[in-house]
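The values are calculated or read from the model by the stated rules, or taken from the named source; none is laboratory data. This one's a predicted model, so the numbers in the text were calculated from it and none came from an experiment. Every residue, glycine among them, receives a Cβ derived from its backbone with ideal geometry; neighbour counts consider all protein chains shown. Only protein heavy atoms, including side chains, enter the accessible area calculation; ligands, DNA and RNA are left aside. Shrake-Rupley method; radii C 1.70, N 1.55, O 1.52, S 1.80 Å.
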Amino acid sequence: MKNTLEYFKIGKIVTTKGLKGELKVYSHTDEVERFLELEYFYMGKDRETKYYIDKVNVIANNMVTIKVRDYDSVESVQKFVQKFMYIDRENSYELLEDEMFIVDMIGMEVKKEDGTLIGILEDVLQYSANDVYVVKSEDGEEYLIPATYEVVPEINAKENYIIVNPIPGLLD
């Protein structure tokens, strides 16, 4: 059985805002609006302490301000600055039927439509046009595969594989 990551990094607290303990957060998620539904987060490596959120404002497409409950001064929130925010898997947003977390895809076998193994998915590079899968073969060759429906017609999460229909020159 595949190990699943139980905590996701969702942002980095970059600075304080104002004098009443608000924090600016650089989002590490695709959907900055997900912060609006966030009840709590964990900070750094501490998975015991939940920090509850009283207020969130989206201030840019990748930035929010948050107000942490019971932290009411700029001095009290200094310990948060330059720390990463994490959420547990059960507090993550619900995925659509054809969506997966990238972390759950890493390690999947990547095969051609005829079943020939290309390699293992090592990373996913995110670009505005489409994602690109970084696949490493058994002999150490690295392939960059565009994650489009034409090139990647199937991702099977249950059996842990990705099917690729390579265009000419993609695997050369």
Quiz item: What FRET efficiency would be calculated for the residue pair SER128, ARG69, taking the C-beta separation as r and a Förster radius of 41 Å, to the nearest 0.05?
Solution: 0.70
Exercise. Only Cα pairs under 8 Å and at least 6 apart count here; give the relative contact order of the stretch 29-172 as a rounded whole percent.
Key: 14 percent
Self-check item: Rounded Å value of the spacing that divides the Cα centres of the stretch 132-172 and the stretch 51-70
Solution: 38 Å
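Using a 1.4 Å probe over the heavy atoms of the protein chains, calculate the carbon and sulfur portion of the accessible area of the chain as a whole percent.
The nonpolar share, carbon plus sulfur, comes to 46 percent.
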Quiz item: Label GLN82 and ILE120 with points 7 Å out from Cα along Cα→Cβ: what is the distance between them in nm?
Solution: 3.5 nm
Quiz item: Per residue, how much accessible area does the stretch 101-146 show when a 1.4 Å probe rolls over the protein heavy atoms, in square angstrom?
Solution: 57 Å²
Quiz item: If ILE145, ILE167 are ordered by their accessible area, calculated over protein heavy atoms with a 1.4 Å probe, which sequence runs from highest to lowest?
Solution: ILE167, ILE145
Quiz item: At a probe radius of 1.4 Å, what is the per-residue accessible area of LYS67, in Å² to the nearest 10?
Solution: 30 Å²
Self-check item: Of LYS12/LYS111; LYS9/LYS111; LYS79/LYS158; LYS83/LYS158; LYS20/LYS45; LYS17/LYS136, those spanning more than 32 Å from alpha-carbon to alpha-carbon
Solution: LYS12/LYS111; LYS79/LYS158; LYS83/LYS158; LYS17/LYS136
Self-check item: Segments 96-107, 119-130 sorted - mean Cβ within 10 Å per residue, highest first
Solution: 119-130, 96-107
Quiz item: Taking the structure as given and computing Rg/Rh (Cα atoms, Kirkwood Rh), which label from [x] 1.08; [y] 1.02; [z] 0.96 fits?
Solution: [x]
Self-check item: Residues of type aspartates and glutamates that LYS112 reaches as a straight line, Cα spacing below 16 Å, ignoring anything fewer than 8 places off in the same chain
Solution: GLU138, GLU141, GLU142, GLU150, GLU154, GLU159, ASP172
Quiz item: How big is the antiparallel share of DSSP beta bridges in the chain, given as a percent to the nearest 5?
Solution: 90 percent
Self-check item: Potential extension, ALA60-HIS28 segment - 0.36 nm per residue separation minus Cα distance
Solution: 10.2 nm
